[in-house]
Amino acid sequence: MKRILIAVMALAAMAQTVAAQTSNAARYLVRERITEACASGAGSFDPAGIIERDLTGDGRADLILFDHHLSCQGGIGRSQFCGAAACTYTIFVREGDLLQPKHQGLSVENVWVDPGTPPVISATGAAASGYATLQLRWDGSGFR
């Protein structure tokens, strides 16, 4: 009975995380990332780890998934895409009805999107002398 309750709670948490997204493509990618990143295949994203908005200036919502905000059930409790100091973030760009991966990086604690068309994506990362902020902007073919 306890296992059934845990399984139901896990599915409810995953459903809440996925339901927060507005597109089918984003919901699919969130579910896929949880399955890949969590040893148990179950977990949930804090909303701060899922950014769905226009990143290319084309008026269509793109997606950033940041594993720092992914909590896994069982095992070590965090994404397998996190190391000792940083976690992976992946930027997906909408192409037709799909979201395609266009950039992947590491961030220590934060990924955010500043205003602009296209907006600036910033990620706090580790540098030799401490922390540095990497800034990326869509240039028509990639994030630079």
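The values are calculated or read from the model by the stated rules, or taken from the named source; none is laboratory data. Predicted model only: the values in this text are computed from it and were never measured. Neighbour counts are summed over all protein chains in view; Cβ atoms, including those assigned to glycine, are modelled from backbone coordinates with ideal geometry. Keep in mind that these areas ignore ligands, DNA and RNA; they rest on the heavy atoms of the full protein, side chains included. Shrake-Rupley method; radii C 1.70, N 1.55, O 1.52, S 1.80 Å.
Data overview
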| quantity | calculated |
| --- | --- |
| Residue 108 vs. criteria of a type in the set (A, V, I, L, M) and under 17 Å from residue 45 (Cα atoms) | yes |
| Residue count, the range 117-144 (criterion: in a strand (DSSP E or B) and among the small types (Gly, Ala, Ser)) | 7 |
| In the range 104-144, the residues that are in contact with a Gly (Cβ under 8 Å, 6 or more places away or on another chain) and farther than 15 Å from residue 53 by Cβ | 105, 106, 107, 108, 123, 125, 131, 132, 133, 134 |
| Of all residues in the range 30-77 being touching a residue at least 24 places away in the same chain (Cβ under 8 Å) and of a type in the set (Ser, Thr, Tyr), the one that is nearest to residue 107 (Cα to Cα) | 71 |
| Every residue from the range 117-132 that is open to solvent by 80 Å² or more (accessible area, probe 1.4 Å) and of a type in the set (Ser, Thr, Tyr) | 117, 129, 131 |
